[in-house]
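Each reported figure results from applying straightforward, stated rules to the coordinates on display, with no laboratory input. Just so we're clear, the structure is a prediction, and the values are computed from it rather than from any experiment. Every residue, glycine as well, gets a Cβ built from its backbone with ideal geometry; the counts of neighbours run over all protein chains shown.
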Amino acid sequence: SNSKTFERSQHTVHFSVAPPAPLLQVLCLSSRCLFALFCPLITRSSVQANSSIVGCESHVRMSLQDRGRDGEDATSSFDDIMKTAMEMKTAQLKELRQRFNSFPTFVKATVAHKGEVVKLRRSDLETRLNKSEEWRLQGNAQYKEGNMDEAARQYEYALSIFRYCVQDGDLVRYFEADASESAHDFDKDLSCAERQRIKEVVFPCYLNIAACLLSAGEWKDTVFAASQAIALDDGAAKAYYRRGLA
């Protein structure tokens, strides 16, 4: 530790010099504020955390008043920390918004789904697989009749049981039940075999909805759907063909 030595009556006296109190206070408060900033981006708790950040900053500024140069330096340091943290948070929010905006209409639409579809997402796996397959077959029937819009809607429902968007405050989050890193909490414990079964149901939905979108001239959305099918099966010739046409 830092120390100073004074000579008095031939006796040496050592004493520790603690860091300036304002700096300690800023470091503690800054750590708490940074923790609050990097909680889940848009939730009720993060809104409360933002409120505490404002109060925290105010407390630091009040405590550093009339403390001379050390206090001024500490205030400047705190401002720099807060500015950097807010810039990082803003960048993360921007990235999430850009990702959602890049999704095709049939993915964005899942955020507005209600009723049966939303309930099914939390159902047991067998129920979800069966219902997804049912909607896919209904889509096939509509496709054969030439009803492309209705066919696409049925494929969208079939897909949205496992891959969907959810409103989260001012943001929208995307979940994939068959991917452990992007699955919702209630799907985190699915086994590899169960995730593979989901992929086998999801794959033809992407392939078929790509055909519907292609016939409608929705080139960008066709590319997305076909690319998702290829990601699930890189040997899917129809997916490559439809993506190539788009």
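So, counting K/R as plus one and D/E as minus one, what does the shell of residues with Cβ under 15 Å around Leu245 add up to? Mind showing how you got there, number by number?
Working: positive: Lys220, Lys238, Arg242, Arg243; negative: Glu218, Asp221.
With Lys, Arg at +1 and Asp, Glu at -1, the neighbours total +2.
With +1 on each Lys and Arg Cβ and -1 on each Asp and Glu Cβ, how big is the dipole of region 174-218 about its Cα centre, in debye rounded to the nearest 20? Mind dumping the intermediate values first?
Values: 4 positive and 9 negative charges, 36 e Å.
For this selection, approximately 180 debye.
Run the numbers for Thr90 and Leu125: contour at 0.36 nm per residue of separation, minus the present Cα-Cα distance, in nm. Please report the intermediate quantities before stating the final value.
Working: separation 35, 0.36 × 35 = 12.60 nm, distance 3.70 nm.
Gain on extension, Thr90 to Leu125, equals 8.9 nm.
Using a cut-off of 11 Å between beta-carbons, work out the net charge of the residues near Tyr174 (Lys and Arg +1, Asp and Glu -1, Tyr174 not included). Present the calculation step by step, with values, prior to reporting the outcome.
Working: positive: Arg99, Lys108, Arg163, Arg173; negative: Asp168, Glu176.
That works out to +2.
Can you list, largest first and rounded to whole Å, the semi-axes you get for region 105-245 by taking the square root of 5 times each eigenvalue of its Cα gyration tensor? Walk me through the numbers before you get to the answer.
On the way: eigenvalues 106, 55, 47 Å².
Output for region 105-245: semi-axes of 23, 17, 15 Å.
Dipole of region 105-245 (Lys/Arg Cβ +1, Asp/Glu Cβ -1, origin at the Cα centre): which of His113, Trp135, Cys212 lies farthest to the positive side?
The residue sitting most towards the positive pole is Cys212.
Among the trypsin sites (Lys or Arg not before Pro) within region 146-244, which fall in a DSSP loop and have no more than 16 other Cβ atoms within 10 Å of their own Cβ?
On the way: sites: Arg153, Arg163, Arg173, Lys188, Arg195, Arg197, Lys199, Lys220, Lys238, Arg242, Arg243; in loops: Lys188.
Filter output for region 146-244: Lys188.
For region 92-168, which GluC sites (Glu not before Pro) are in a loop by DSSP, counting at most 15 other Cβ atoms within 10 Å? Intermediate values should be presented prior to the final figure.
Details: sites: Glu95, Glu116, Glu126, Glu133, Glu134, Glu145, Glu150, Glu156; in loops: Glu145.
For GluC sites (Glu not before Pro) across region 92-168 that sit outside H, G, I, E and B with at most 15 neighbouring Cβ atoms in 10 Å, the list reads Glu145.
Among the GluC sites (Glu not before Pro) within region 168-225, which fall in a DSSP loop and have no more than 14 other Cβ atoms within 10 Å of their own Cβ?
Working: sites: Glu176, Glu181, Glu194, Glu200, Glu218; in loops: Glu181, Glu218.
In loop regions of region 168-225 (DSSP not H, G, I, E or B), the sparsely surrounded GluC sites (Glu not before Pro) are Glu181.
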